[in-house]
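The next block holds one structure in the form of structure tokens; read it before the comments.
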Amino acid sequence: GSAPPPSQVPLAPLRASYSVRPPAWVPADTRPARAPDGKLIVIVEDGTEGKSFPLTGPQIDIGRTEGDIVLEDDLYVSPRHARIIPQNGSWVLRDLGSVNRIYLRIRKTHALRDADLLLLGLEVLQFQTVSDGERGLGHAIQHGTLLFGSPAIHRRARRRARLCQRTVEGVTRDVYHLYRDETVIGRETGDIVFTADPFLSRRHAAIRRNPATGEFTLTDLESSNGTYVAIREDVSLHDRDFVRIGQHLFRVDLSR
């Protein structure tokens, strides 16, 4: 009854060995993707780089009084304003119900949705689609008499949407109706001009309507300071993204 030599010991079935002791390694395609190393860099008003903050840990909170990055001198930042978390191999930016929202610089073109908030230079504009009842208002009549007033927009050029300018008082100041297929916003030339805004480019951005679908897009016209839209859900951050939180502008630097 001596034991068989080591070379003749029967191997346990492969499946059994897995059930008894799972393998220490994990196949590469199922290993959870790690978010890249990166940092948030404050961009000063003159365009130079300021303080930088590393993107590390399970989450990075940004706020005026709470969080990992505290911007205590910025009264436009909510107490706990934003959160950045690693998710599926990237860093995800989340608005924590802030008062003044988080603005992300568009790369080139952004599909507009009703109630989107746009930031161009110093201007905060809300994009609003127009209801069917408002699109082709006819001539007003009171007691059988036509109402006197400035000429209406040409009947064929129906109102499709509008931009409402928001002020720091929390009210709408000016309303710009969009009835062309392209509306250019700028400091010197365009359909909507803000001559007193030093941060706008001469021709800064365009809002275009696709006549076939009726959908609107916002396009940056290679402006110096960029065109921003407030985020409405979690967004994945990419290298060289620019994020506006209160009066602070951050650049996202990621490395693989």
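The values are calculated or read from the model by the stated rules, or taken from the named source; none is laboratory data. For clarity, every value in this text was computed on a predicted model and none was experimentally measured. Cβ coordinates were reconstructed from backbone atoms using ideal geometry, including for glycine residues, and neighbour counts include every protein chain displayed.
Taking residues in the range 72-86 that are among the acidic types (Asp, Glu), and partners anywhere that are not in a loop (DSSP other than H, G, I, E, B), the pairs with Cβ atoms closer than 7 Å and at least 6 places apart or on different chains are Asp74/His248.
Screening the range 52-106 for strands (runs of 3 or more DSSP E) wholly inside it with 1 or more residues that are among the acidic types (Asp, Glu) returns the ranges 60-63, 90-95.
So that you can scan it fast, the table gives a plain yes or no per residue for (1) of a type outside the set (S, T, N, Q); (2) under 24 Å from Leu40 (Cα atoms):
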{"site": "Thr189", "(1), (2)": "no, no"}
{"site": "Thr195", "(1), (2)": "no, no"}
{"site": "Phe199", "(1), (2)": "yes, yes"}
{"site": "His204", "(1), (2)": "yes, no"}
{"site": "Val243", "(1), (2)": "yes, yes"}
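Search the range 237-255 for residues being outside any strand (DSSP E or B) and of a type in the set (Asp, Glu), and hand back the single one that is surrounded by the fewest Cβ atoms within 10 Å (Cβ to Cβ). If we take residues in the range 237-255 being outside any strand (DSSP E or B) and of a type in the set (Asp, Glu), then Asp239 is surrounded by the fewest Cβ atoms within 10 Å (Cβ to Cβ). Between Leu117, Leu163, Leu146, the distinction of being farther than 18 Å from Ile231 by Cβ and modelled with pLDDT of 95 or more belongs to Leu163 only. Mind checking which residues of the range 35-59 are exposed (fewer than 11 other Cβ atoms within 10 Å of the Cβ) and within 17 Å of His238 (Cα to Cα)? None - no residue of the range 35-59 is exposed (fewer than 11 other Cβ atoms within 10 Å of the Cβ) and within 17 Å of His238 (Cα to Cα), so the list stays empty.
Looking across Asp181, Asp253, Asp174, Asp197, one residue alone is of a type in the set (D, E, K, R) and within 18 Å of the chain's Cα centre (by Cα). It is Asp253.
For the range 216-234, a residue qualifies if it is surrounded by fewer than 17 Cβ atoms within 10 Å (Cβ to Cβ), touching a Leu at 6+ places or on another chain (Cβ under 8 Å) and over 17 Å from Val184 (Cβ atoms), and exactly one does: Asp234.
Restricting Gly214, Gly190 to those that are in a loop (DSSP other than H, G, I, E, B) and free of Cβ contacts under 8 Å to residues at least 24 places away in the same chain reduces the list to Gly190. Any residue that is over 30 Å from Arg83 (Cβ atoms) and exposed (fewer than 13 other Cβ atoms within 10 Å of the Cβ) - is there at least one of those in the range 160-170? No, there is no match, as no residue in the range 160-170 is over 30 Å from Arg83 (Cβ atoms) and exposed (fewer than 13 other Cβ atoms within 10 Å of the Cβ).
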